[in-house]
Amino acid sequence: MKIISRWQSDIWLGRSFMKTLYLVRHAKSSWADPGLADRDRPLNRRGMRNGPMMAERLRAKGVRFDQMITSPVKRAQETLRFFIDGLGVSKSKVRVEEALYGASVDQWLRLIQQLDESWTTAMMVGHNPTITELAHALGRSDISNVPTCGILACEYDGDYWANFGDDPKQVFVDFDYPKRVVEWRLAWSKAL
């Protein structure tokens, strides 16, 4: 009888101990039509430009998703479409979650804790102020505002999504947003 390690058995069973959650604030929306209901507001030109750019940044990092979940609001779904197209994600991995629109931090955490345990990497697209408040609740109080189309990547060194947020093993590993490159270039030019 061959004895295998816990790590080997978990790989064999398709289990991973590291979970990664990408929190995305929808891209910049349009206010051009004041008669539109909030849920129906589309992206504006800047949002349409930033969405593909941010999807390309994730693609360049080799990120792959087991599941993508979005608010039902038009601007959130349009934002997610850039990531679906840019990363070649199957529509079977996409879910619209009514509860993400107007949800509190506690409601977001409950939704995260209900993610399928077989998934190691998930994306959730939603709205401010909740995305920024969630970052604070998870330990990133240095982020005063997650900008539109901003992405927070949080790794969780735990076995189960069900413990996410209750267990201090989550660590933010990346915070990216459309103007980050511009800000970096400005800082670099000032240093020269």
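The values are calculated or read from the model by the stated rules, or taken from the named source; none is laboratory data. Please read these numbers as outputs of a predicted model, since none were measured by experiment. As a convention, Cβ positions derive from the backbone with ideal geometry for all residues, glycine included, and neighbour counts pool all protein chains shown.
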Can you pull out every residue in segment 32-42 that is more than 24 Å from the chain's Cα centre (by Cα) and either exposed (fewer than 12 other Cβ atoms within 10 Å of the Cβ) or not in a loop (DSSP other than H, G, I, E, B) (or both)? Ala32, Asp33, Pro34, Gly35, Ala37
Are there any strands (runs of 3 or more DSSP E) wholly within segment 70-157 with 2 or more residues that are more than 29 Å from Leu36 (Cβ to Cβ) and not charged (D, E, K, R), and if so which? 121-126, 151-157
Regarding Ala135, is this residue modelled with pLDDT of 90 or more, under 22 Å from Pro72 (Cα atoms) and touching a Phe, Trp or Tyr at 6+ places or on another chain (Cβ under 6 Å)? no
Per the list (1) more than 25 Å from Trp108 (Cβ to Cβ); (2) of a type in the set (D, E, K, R); (3) surrounded by 14 or more Cβ atoms within 10 Å (Cβ to Cβ); (4) at pLDDT 95 or above, residue check on Arg45 breaks on (3)
With respect to the numbered conditions (1) under 13 Å from the mean Cα position of the chain (by Cα); (2) under 19 Å from Arg140 (Cα atoms), which one is the sole condition not fulfilled by Leu80? (2)
Could you list, ordered by first residue, the pairs with Cβ atoms under 6 Å in which the first is in segment 150-162 and within 25 Å of Glu56 (Cβ to Cβ) and the second is assigned to a helix (DSSP H, G or I) and among the aliphatic types (A, V, I, L, M), at least 6 apart or interchain? Leu152/Ala135
List the pairs whose first member sits in segment 25-40 and is within 18 Å of Tyr101 (Cβ to Cβ), whose second member is modelled with pLDDT under 95 and loosely packed, with under 11 Cβ neighbours inside 10 Å, and whose Cβ atoms are under 6 Å apart, counting only residues at least 6 apart or on separate chains? none
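Quick grid of which residues meet (1) surrounded by fewer than 17 Cβ atoms within 10 Å (Cβ to Cβ); (2) polar (S, T, N, Q); (3) in contact (Cβ under 8 Å) with a residue 40 or more places away in the chain; (4) touching an Asp or Glu at 6+ places or on another chain (Cβ under 6 Å):
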residue: Met54; (1), (2), (3), (4): no, no, yes, no
residue: Gly88; (1), (2), (3), (4): yes, no, no, no
residue: Val96; (1), (2), (3), (4): yes, no, no, no
residue: Gln113; (1), (2), (3), (4): yes, yes, yes, no
residue: Thr121; (1), (2), (3), (4): no, yes, yes, yes
residue: Leu134; (1), (2), (3), (4): no, no, yes, no
Tell me, which residue of segment 167-184 that is out of contact with any helix residue (DSSP H, G or I) (no Cβ under 6 Å at 6 or more places or on another chain), modelled with pLDDT of 80 or more and in a loop (DSSP other than H, G, I, E, B) is surrounded by the fewest Cβ atoms within 10 Å (Cβ to Cβ)? Lys179
